[in-house]
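Report on the following structure.
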Amino acid sequence: MSQKFIPLSVPNLKGRELEYVTEAIETEWVSTGGRFVDEFEQNIASYVKVKGAVSCQNGTAGLHVALQVCGISMGDEVIVPTMTFVAAVNPVRYLGAEPIFLDCDDSLCLDVEKLRTFCLEECEVVEDKLINKKTKKQIKAVVAVHVFGNMCDMEKLVEIADQFYLKIIEDATEALGTFYTEGTLKGKYAGTIGTAGVYSFNGNKIITTGGGGMIVSNDEQFLKRAKHLTTQAKSDEIYYTHDEVGYNYRMTNLQAAMGLAQLEQLEDFIETKKINYLFYKRELDAVDGLSLLEFRKNIRSNYWFYALFVDNPYPLNRDDLIKHLGERKIQLRPIWDLISYQKPYYMNQTYRIEKAKTYLRHVVNIPCSSNLSKEDVQHVINCLKASGV
């Protein structure tokens, strides 16, 4: 019998998803009204311990609105990581602003020390505004992406943002459930430390609504404006008057029904993913040329994706390994190509992009679904070991 296909990351729908979605259908609340949308928002806010949450159609929409509410507009600049998914950067352009690309550190997240140096050496503070010496434009914000369930060094980032008048938008689309376990931010969840945070519920995320996203904040005025923008900016619900250009971004009741059931299982998903990660790490770190990248020591990660570093003396390079395991029905994925290399952005300003280039050449993601069995993990390990012989 041929080995079954082992995908990279797929949903785990073994909870009350069908029950809740069926209720939404039977009550005929399938669009943006219905009890599940409000309840999902409330439960997410409660889980990550913030004042409120605003649902949206996906993480990209959430970042778009969060940036707009933070005051990003035509002619502004925003600092972003080059090592991320493009959805973290495109919303900057939606608003007519321009990204400035920075390097990653060994967590694969934004290198905050290089951010500090960039602000000190390449910028100047003028009347409580950070001005880019090269372009003479104001840099208003930084997008902190918590990559693969890891976490940016938020303690230092908050300090730098305060010093240089930057707003922090946390792209926590991959990090729902990750939080600090020690330090000044102990107990704080990814997405709850900056001005706003955004989560994604895409099909490959740790919990899914098929699509969907969520904006969270402790700023009640921010939340009010975000909800206003995501619901077409109606100033009068009865007479359909609108006081600005808004968006049809609100999550549907069907999506929220699934999300509510998924959230009930989140901690179990994280525990399973942690167990599988530690199993992989123990076995693969013993293979010459392979190492599973670690998460920060001062956080409880959600262990969303597992990043495998492939180097000499392992006989296969990154691309050959992807092809080799693909032939054995095991899906691997290379890390994203750097956004500053992409056609829409290759003319944008960059600053000391170094480590990201190395990780780009050497990192692959290996299967990490929360419904991955121990036997599946063992099979992936066996194939990786056999490929190294």
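Could you tell me what percent of the DSSP beta bridges with both partners in the chain are antiparallel, to the nearest 5?
Working: 31 of 51 bridges.
Bridges in the chain that DSSP calls antiparallel: roughly 60 percent.
Going from the fewest other Cβ atoms within 10 Å to the most, the residues SER235, SER107 appear in the order SER235, SER107. Close amide H contacts of ALA141 (hydrogens built in the peptide plane, cut-off under 5 Å, sequence separation of 5 or more or a different chain): ILE79, LYS167.
What is the calculated FRET efficiency for GLN378 to ASP319, with r their C-beta to C-beta distance and R₀ = 25 Å, to the nearest 0.05? Please list the in-between numbers first.
Values: r = 25 Å, r/R0 = 0.99.
The calculated FRET efficiency here is 0.50.
No disulfide-compatible partner, judged by a Cβ distance under 4.7 Å, exists for the following cysteines of the chain: CYS56, CYS70, CYS104, CYS119, CYS123, CYS368, CYS383.
Computing Rg/Rh (Cα atoms, Kirkwood Rh) directly from the structure and comparing it against [x] 0.98; [y] 1.12; [z] 0.95 singles out [x].
Express in nm, to one decimal, how much length is gained between THR117 and ARG300 on full extension, taking 0.36 nm for each residue of separation and deducting their alpha carbon distance. Intermediate results must be reported in sequence, preceding the final value.
On the way: separation 183, 0.36 × 183 = 65.88 nm, distance 2.86 nm.
Between THR117 and ARG300, full extension yields 63.0 nm more.
In region 21-116, a dipole from Cβ-located charges (positive for Lys and Arg, negative for Asp and Glu) runs towards its positive end, and of GLY33, GLY52, LEU110 it is GLY52 whose Cα lies farthest in that direction.
When the Gaussian network model of the chain links Cα atoms closer than 10 Å, the mean-square fluctuations of SER46, SER73, SER55 top out at SER46.
When the chain is modelled as a GNM with alpha-carbon springs shorter than 10 Å, which of SER301, SER291, SER370 fluctuates the most? Fluctuation is largest for SER291.
Show me the ranking of peptides 7-15, 190-198 by mean Cβ neighbours inside 10 Å, starting with the highest.
Details: 7-15: 17.4, 190-198: 26.9.
The peptides rank, most packed first, as 190-198, 7-15.
For the pair LYS4 and GLU26 in one chain, pulling the backbone fully straight at 0.36 nm per residue adds 4.3 nm over the alpha carbon distance. Between ASN365, ASN253, ASN348, the GNM of the chain built on Cα springs shorter than 10 angstrom shows ASN348 fluctuating the most.
Any idea what the dipole of region 151-230 comes to, in debye rounded to 20, about its Cα centre with Lys/Arg Cβ at +1 and Asp/Glu Cβ at -1? Could you put the intermediate results ahead of the total?
Working: 8 positive and 10 negative charges, 71 e Å.
Result for region 151-230 is approximately 340 debye, rounded to the nearest 20.
Converting phi to 3J(HN,Hα) with the Karplus coefficients 6.51, -1.76 and 1.60 and the offset θ = phi - 60°, region 91-107 yields x, 4, 5, 3, 8, x, 9, 10, x, 10, 9, 10, 6, 9, 9, 6, 7 Hz in sequence order, with x at every glycine or proline. Here region 266-387 is assigned +1 on the Cβ of each Lys and Arg and -1 on the Cβ of each Asp and Glu. Its dipole about the Cα centre then comes out at about 320 debye.
If you find the alpha carbon centre of region 251-291 and of region 153-173, how far apart are they in angstrom? What the calculation gives is 27 Å, centre to centre.
Residues with beta-carbon under 13 Å from that of ASN298, excluding ASN298: net charge, scoring Lys, Arg +1 and Asp, Glu -1? Write out the running numbers ahead of the final one.
Numbers: positive: LYS156, LYS186, LYS188, ARG296, LYS297, ARG300; negative: ASP153, GLU155, GLU182, GLU294.
Charge balance in the 13 Å sphere: +2.
Here is the list for region 77-131: GluC sites (Glu not before Pro) lying in DSSP coil, each with at most 16 other C-beta atoms within 10 angstrom of its C-beta, are GLU127. Sites listed here are trypsin sites (Lys or Arg not before Pro) in region 30-91 whose DSSP assignment is loop and whose Cβ has at most 13 other Cβ atoms within 10 Å: LYS49, LYS51.
In a reduced charge model with +1 at each Lys and Arg Cβ and -1 at each Asp and Glu Cβ, region 1-130 shows a dipole moment near 540 debye about its Cα centre. For the pair ARG35 and THR184, the difference between a 0.36 nm per residue extended length and the Cα-Cα distance amounts to 50.0 nm.
Rounded to the nearest 0.05, what FRET efficiency do ARG333 and GLN232 have when you use their Cβ-Cβ distance and R0 = 35 Å?
Working: r = 36 Å, r/R0 = 1.04.
About 0.45, to the nearest 0.05.
Read the figures in this text as sums done on the coordinates, not as results from a lab. The structure presented is a predicted model; accordingly, all values stated were derived computationally and were not measured. Methodologically, a virtual Cβ is constructed for each residue, glycine included, from the backbone with ideal geometry; neighbour enumeration extends over all protein chains shown.
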